[in-house]
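In what follows, a structure is listed as structure tokens, so that the remarks can point back to it.
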Amino acid sequence: MHNELKEKILSVLTSCVLVLVVIGGLVMIYPNYRRSESLKRQNAELQETIDRKKREIALLQENQLRFQKDADFVEMIARQNRRVLPGELVFTFGKE
């Protein structure tokens, strides 16, 4: 009976030590896990910024090509910015 009690106590202690080792491991791993998740989130945000900037660059390049090849587009932009062709008669209406 004395050996049975020793074996039972040893079994319980072994289980407790095993549980403590697992809990200790989890406690040590958790900050790295949180940091990893934070870095993943930052990476996703930066990737979205990169994608947005790539779209802006593509639009600017498209407009740049239009300025080189599309005279009507150039005239439309110039008119929006109140530019006139040489020799054009301009009437301005404003408040005095």
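The values are calculated or read from the model by the stated rules, or taken from the named source; none is laboratory data. Please read these numbers as outputs of a predicted model, since none were measured by experiment. Quick reminder, even Gly has a Cβ in these numbers, built from the backbone with ideal geometry, and neighbours come from all protein chains shown. Surface accessibility is based on the protein's heavy atoms, side chains included, excluding ligands, DNA and RNA. Shrake-Rupley method; radii C 1.70, N 1.55, O 1.52, S 1.80 Å.
Quick notes on this one:
- For the stretch 60-73, the count of residues that are in contact with a Lys or Arg (Cβ under 8 Å, 6 or more places away or on another chain) and in a helix (DSSP H, G or I) is at least one.
- Condition met for GLU37 (free of Cβ contacts under 8 Å to residues at least 60 places away in the same chain, in a helix (DSSP H, G or I) and under 32 Å from the mean Cα position of the chain (by Cα)): yes
- Considering residues of the stretch 69-96 that are hydrophobic (A, V, I, L, M, F, W, C) and open to solvent by 100 Å² or more (accessible area, probe 1.4 Å) only, the residue nearest to the chain's Cα centre (by Cα): PHE93
- Exclusive hit being out of contact with any strand residue (DSSP E or B) (no Cβ under 6 Å at 6 or more places or on another chain) and within 30 Å of GLU75 (Cα to Cα), set LEU20, LEU65, LEU26: LEU65
- Scanning the stretch 57-68 for residues that are at pLDDT 90 or above and open to solvent by less than 80 Å² (accessible area, probe 1.4 Å) turns up just one, ALA58.
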